[in-house]
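The values are calculated or read from the model by the stated rules, or taken from the named source; none is laboratory data. None of the values given here were measured: they were computed from a predicted structure. So basically every Cβ, Gly included, is an ideal-geometry build from the backbone, and we count neighbours across all protein chains shown. To get the accessible areas, we keep the full protein, side chains included, count just its heavy atoms, and leave off ligands, DNA and RNA. Shrake-Rupley method; radii C 1.70, N 1.55, O 1.52, S 1.80 Å.
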Amino acid sequence: FRGTPLDMDQFQVLFGSCRLPSGKTDYVAAYPDSSHVAVLCRSQMYYFQALWPDGTVAVDESDIVDILRAIRNESRDMTLSEAGKQALGVLTSLPRGDWAKTRDVIEKSSPRNAASLHIVDSALFVLVLDEYVPCDIHETASNMLHGTYKLKRDEEGVDYQIGTCSNRWYDKLQIIVCADGTSGINFEHSSIDGHTALRFVSDVFAETIVIFAQSITKSIHGQGSIPHVVDAELKRAASIMDEARRPVLDVFPKKCSFELSLDVLDTIYYAETALGDQIVSMDTVVLEFKDFGKKLIVANDLSPDSFVQMSMLLAYYRLYGEIVCAYEPVLTKQFYHGRTEAMRTATPAAAEFCRVWMNHDSTKSEKLNSLRMATKEHSRLVKESANGKGVDRHLFALKCIAERNNVPTPKFFESRPWQTLNHTILSTSNCGNSSLRLFGFGPVVQDGFGIGYIIRDHGLQYSVSSKHRQTKRYVNTLHNTLSDLNDLLKPISVVEVRGRHRPTLSRLGAVSEHVAENAYADYYGESTEYSPPKQEAAKRPTLEKQESFSKYFASVVRRDSIPGEVLSKVGEKVNLSKKRGESV
């Protein structure tokens, strides 16, 4: 990335993988030869073959439209309340031990159940079709994070869930599409990080734009004048027949059916009610601040990421009068099998900045100077973290190794400082580019906030969530904080033209170079002047000696994908020509 090689090991488990419960410890099952897509519609699971065994694409856009339309029509044969009672996906929201026990019962009770679960586990990803249109940006964020909560009362007076929260499968990568075309990604975080998912989203978004541009320019400049971002070979299965004029590859959609006992149906109901409690306790509020963005921050010789981190700390201090534990992940993919290091934003310099800002006697100069000192210290620690010099991951790894080997852990891990450090009130992350409008996640502790943010040239976007806290009030305080910072920075960014002199590129470059040094951990594009320091390349094993799946995941298990002849026999075929209300 920008001249620095990044480890790509996570991409092996981006598609065709699934987090599976297994009693004490979950593991990631990976199916490298996966060729089918699972589809969730109205809480019912379907699938279709999308690739040939060699990875060639087997369906074109019109095929996919026909397949999805058929799935949607077939799913409407069952009412939402009926489907909600059998919404197997809500079980993935259970505590992992409970899900492991229930899944084991489901698998062992029927060969059909085992085969259907295998279909879901080994799918490339789950395409979620929501019959829901969000009213605003806040509802959009909530739907992508956990789905909607909506009840319907049946004939017996019992309330059943018909919201989109039951139309999810949290153990896998999910592409969620609403009825108005609004779409998003919900991914399983244990095996991949946001940067990996962002690459996928970016390529999809960019390829969509390229295809649209090609449709405009092909009659002028010819086919292929604009190169594809994702250059995938298409061999349409519908046009390839055997000697008996039957399709060689069956791409017809099929429904995964399950035989569920009354006890399992009860468990689904209880899982849904527990999930409902989580959802109604959650607030998600989006702040799209458009008064300024990266350009103004950089013009003031400040790191954009450090500036945003200080804005969140100061907003909390203004609302509650205290400094709390804050966390920001820093990418360490430049190392072999690297993921992230923890950066702790609440430094002494950051605390001093908050106190100076809230001191009624502080001058603008003192406030600005304290902001510079706080952002400079933040950038220094980010640089250390990116270079593998952080302490959080190292200490946590030692603790895990000791526990797995029954080695007594030092009293330090029971101390108040360690407990405070691991009770993150402000869990934050910077992940986004022009392909995303929103990025967010939930809080990691009951009294915390989860804050995902995206830094744009002329705006800052925050997605804030919490449970039982004043989320809207915090977001309003954050907005006021940014406005006050804007008032402080504007006079510095004014360019005064005197006579005929104009700023030279060399002088502008000097400012950019200094800002880039402060914005070292900018892997997400908030500072275009970023230039990483030169380092010796890490010694890596040759490709021939590398295992197919790395050992750094506590347990990644490679499994054989389902052969095509077996895949075609699982599930019930969906009639492509069927309209709503017709029987097959």
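Once the Cα atoms of helix 194-221 and of the chain are each reduced to a long axis, what angle between those two axes, in degrees from 0 to 90 to the nearest 10, is obtained?
Once rounded, the angle reads 80 degrees.
Using the structure shown, select from K255/K333; K108/K333; K172/K569; K333/K376; K150/K472 the pairs with a Cα to Cα distance greater than 30 angstrom.
K255/K333; K108/K333
Counting Lys and Arg as +1 and Asp and Glu as -1, each charge on the Cβ, what is the dipole of segment 1-114 about the Cα centre in debye, to the nearest 20?
In debye, rounded to 20, segment 1-114 gives about 620.
What are the aspartates and glutamates whose alpha-carbon lies under 16 Å from the alpha-carbon of K367, with same-chain residues fewer than 8 places away excluded?
Within reach: D301, E352, E377, D484, D487.
About its Cα centre, what dipole magnitude does segment 361-413 give when the only charges are +1 on Lys and Arg Cβ and -1 on Asp and Glu Cβ, stated in debye to the nearest 20?
With only Lys, Arg, Asp and Glu charged at Cβ, the dipole is about 140 debye.
I'd like the accessible area for T363, computed on protein heavy atoms only with a 1.4 Å probe and all protein chains in place. Round to 10 Å², please.
Here the accessible area works out near 70 Å².
Report V556's accessible area, 1.4 Å probe, all protein chains in place, as a number in Å² to the nearest 10.
30 Å²
So for the chain, taking the charge dipole from beta-carbon charges (+1 Lys/Arg, -1 Asp/Glu), which of I454, L80, P253 sits furthest toward the positive end?
Working it through, the farthest residue towards the positive pole turns out to be I454.
Over the chain, what is the relative contact order in percent, taking alpha-carbon pairs closer than 8 angstrom and at least six residues apart?
Relative contact order of the chain: 20 percent.
For the chain, what does -39500 (n - 2.57) per DSSP helix run (n ≥ 4), summed and divided by total residues, give at 222 nm, in deg cm²/dmol to the nearest 500?
The per-residue figure over the chain is -12000 deg cm²/dmol.
Using +1 at the Cβ of each Lys and Arg and -1 at the Cβ of each Asp and Glu in the chain, identify which of N167, Q419, F11 lies farthest towards the dipole's positive end.
Result: Q419.
Among the aspartates and glutamates, which fall within straight-line cross-link reach of K294, defined as a Cα-Cα distance under 13 Å, with same-chain neighbours fewer than 8 residues apart omitted?
Of all the aspartates and glutamates, those that pass the test against K294 - Cα under 13 Å, at least 8 places apart if same chain - are D305, D457, D522, E526, E529.
If you put +1 on each Lys and Arg Cβ and -1 on each Asp and Glu Cβ, how big is the dipole of segment 70-122 around its Cα centre, in Debye rounded to 20?
It comes to approximately 60 debye.
Could you tell me the accessible area of M8 in Å² (1.4 Å probe, neighbours in place), rounded to the nearest ten?
120 Å²
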